[in-house]
Amino acid sequence: MKYKAYNFTVMGASHKKARRPCQDASLSLNKEEYILTAVCDGHGGEDYFRSDKGSEFAVKAVKKCMNDENIIPMLTYYANDEIKVNEMLLQLEKSIISEWNDLVESDYADNPFTDEELEQVNPRMRFRYAIGEKIECAYGTTMLVNVITDDFWFGIHIGDGECVSVDAENNFEHPIPHDDNCVFNYTTSICDRTAIYNMRHHFSTKLPKALFIASDGVDNCFENHDKLHDFYSTVLKSFDSYSEMEAIIELLDYLPKMSQKGSGDDISLGIILGK
Amino acid sequence: MANIYDDVVEVARRTMVLFFVVDTSGSMEGSKIGTLNQAIEDVIPEISEISQSNADAQIKIAVLAFSNSAKWITPKPVPAEDFSWDYLNASGLTAFGDACSCLNEKLSRNAFMSEITGSFAPAIFLLSDGEPTDEYIDCLDDLWKNNWFRKAIKVAVAIGEDANKEVLADFTGDPDAVLTAHNPEVLRKMIRFLSVTSSQIGSKSSSVGKANPDAAPSKQDDFIEQVQIASNSGDFAEDEVLW
């Protein structure tokens, strides 16, 4: 493959201070058939007290569905048929949501909510959780996935965070449209019953130089998109200038500082770089 | 070795602005304004602590006082950790309409809400003891057209029985978001509770599925629920009526 994937997750500075778990999870897969990154950001409110598990489950669901579904050969075959491509990506999204819900139900069956967990929840949700309703909300998370092959790439996204592509001329684009439901501190979520309608995707046969996906802990460190792009340019420069190991260490060293100075939130980053 | 990112990357933090909109008309003179000044000064360190330990946003504070006209005490929102409360004096009329107009003007990306792409909706805390003396209805209608205002957590405290609670409910959009304080001790408790709770709720991320009728409650709903719990548990019980 012409690409390589990396993933980084660091605990947010404020999470560390408040002794809260890291609620982000990320994944990179460098397979023969495709390269993948996934970033999931569990919600931070008291009602979402198992969102650290929820983000892990989303990453697991992505991995399983990419293994189970025969999507890469199918997309390769139908790459120029927009309708077929959309149908296949929609099916993949449905599978991921379904798998995530299965993992949540299984976890809840093995570990029902404890009184201690329910104590911190707002009363309306506490009542629902206590009678076994809407338990998936406790695990709520966003999800971003990028997959690239030698012939095409696609991105899938629900909730906040950003997917950014960089072309050979170093032009930055945000190919997955913004979800207008993600305003202020609200985000759509894989836990919503309407999750499938809030999934967005992008598919292209024009191969980029690099792809970035990030939880909102990253983009909320920057005043605007230009400054976010400056950060990504520096990542590219670092991987160009240093050995792979040095570049990884530089980034791992910097991300906690970025959280400290910026959003304070957990930070997850998935990078796919052309070799 | 200096990290390659240190000098190149410009990092900023997401913000949530807590607005204090304070009636400083003549009727507030004496123990009302005195208690209010002391109570807000006392709660600032707590808000600062929330801001520093909060995962999602830095809290900034803006203060708007209104009497004969409205006036911003803070030219721009100030980080809670750098904020100090300047004692307000009370005199003059109750230009509530002008306060709504000033708030409307600054609740904009071109003004107080200019920082960081993902800024949180603000929390707006109105304290008043009287009746508007200006033509406020059109100004309040215009304010309700402002998206920042509509999405904000809004709460009001009526200080004493003379406050027009209907106007305060029109401001918050919900009578349950209007509390009445009849003496200094209760006013102090309310200011502390409402400032801290609105800061905590307002500055946190949460999930909402707009198309989902069963979605988690809005921040304003969350906030009102907390207020009702505190009220029902007797946190604001009043032994004596002084105002």
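The values are calculated or read from the model by the stated rules, or taken from the named source; none is laboratory data. This structure is a prediction, so every number in the text was calculated from the model and none was measured. Note that each Cβ is placed from the backbone with ideal geometry, even for glycine, and that neighbours are counted across all protein chains shown. Each accessible area value is taken on the protein alone, full model and side chains, heavy atoms only, with ligands, DNA and RNA left out. Shrake-Rupley method; radii C 1.70, N 1.55, O 1.52, S 1.80 Å.
Quick grid of which residues meet (1) crowded, with 20+ Cβ neighbours inside 10 Å; (2) within 17 Å of residue B:18 (Cβ to Cβ); (3) touching a residue at least 12 places away in the same chain (Cβ under 8 Å):
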position	(1), (2), (3)
B:90	yes, no, yes
B:95	yes, no, yes
B:103	yes, yes, yes
B:129	yes, no, yes
B:134	no, no, yes
Worksheet item: What is the one condition in (1) within 15 Å of the chain's Cα centre (by Cα); (2) surrounded by 15 or more Cβ atoms within 10 Å (Cβ to Cβ); (3) within 14 Å of chain B (Cβ to nearest Cβ) that residue A:238 does not satisfy?
Response: (1)
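Which of the residues that make up segment A:162-193 are facing another protein chain (nearest Cβ under 10 Å) and open to solvent by less than 10 Å² (accessible area, probe 1.4 Å)?
Residues satisfying the conditions are A:185, A:187, A:188, A:189, A:190, A:191.
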Worksheet item: Taking into account only those residues within segment A:199-218 that are more than 7 Å from every other protein chain (Cβ to nearest Cβ) and in a helix (DSSP H, G or I), which is modelled with the lowest pLDDT?
Response: A:217
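Yes/no per residue for (1) touching a Leu at 6+ places or on another chain (Cβ under 7 Å); (2) over 29 Å from residue A:250 (Cα atoms); (3) surrounded by fewer than 21 Cβ atoms within 10 Å (Cβ to Cβ):
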residue: B:4; (1), (2), (3): no, no, yes
residue: B:12; (1), (2), (3): no, no, yes
residue: B:21; (1), (2), (3): yes, yes, no
residue: B:30; (1), (2), (3): no, yes, yes
residue: B:34; (1), (2), (3): no, yes, yes
residue: B:37; (1), (2), (3): yes, yes, yes
Worksheet, complete the sentence: Checked segment B:166-182 for anything open to solvent by 10 Å² or more (accessible area, probe 1.4 Å), under 23 Å from residue B:240 (Cα atoms) and not in a helix (DSSP H, G or I); matches are B:178, B:179, B:180, B:182
Worksheet item: So which residues in segment A:171-198 are over 25 Å from residue B:14 (Cβ atoms) and either in contact with a Phe, Trp or Tyr (Cβ under 6 Å, 6 or more places away or on another chain) or at pLDDT below 95 (or both)?
Response: A:193, A:194
Worksheet, complete the sentence: Out of (1) in a helix (DSSP H, G or I); (2) under 22 Å from residue B:167 (Cβ atoms); (3) free of Cβ contacts under 8 Å to residues at least 60 places away in the same chain, the one residue B:48 does not meet is (2)
Item to complete: Could you tell me whether residue A:51 is surrounded by 23 or more Cβ atoms within 10 Å (Cβ to Cβ) and either modelled with pLDDT of 95 or more or farther than 13 Å from residue A:143 by Cβ (or both)?
Response: yes
